[in-house]
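Reading through the structure tokens given below for one structure.
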Ligand SMILES: [Zn+2]
């Protein structure tokens with residue numbers, strides 16, 4: 001089972017989880033800058049070890065293995081412009 005690193009928004013601490021599922025999955029979309037991202041949410045199937053809550057995250061914000069592993073070349077440019 002694939003595991004991902006999540007961050008608890010309450011405790012601000014990371015934990016590793018393999019039991020989660022995709023919800024609101026609208027597939028891969030391309031934004032206005034041509035960046036591919038997954039328009040979906042990831043929901044934990046079991047409570048957070050830090051606060052006991054069931055957290056939900058934007059799939060886009062996780063280190064995303066769902067998108068096929070292609071790193072987006074546009075991300076660096078965005079940071080330079082700010
Ligand atoms: Zn938590």
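What number, in percent, do you get for the relative contact order of region 4-68 if the mean sequence gap of Cα pairs under 8 Å and at least 6 apart is divided by its residue count? Computed over region 4-68, the figure is 29 percent.
Peptides 16-28, 50-62: what's the order by average Cβ count within 10 Å, highest mean first?
So the peptides 16-28, 50-62, ranked by packing, come out 50-62, 16-28.
Our analysis of region 4-68 gives Rg over Rh at 1.01, with the two radii drawn from alpha carbon positions and Rh computed by the Kirkwood formula.
Values in this text are rule-based calculations from the coordinates and carry no lab data. Small disclaimer: the values here were computed from a predicted structure and weren't measured. Note that we place each Cβ from the backbone using ideal geometry, even for glycine, and neighbour counts take in every protein chain shown.
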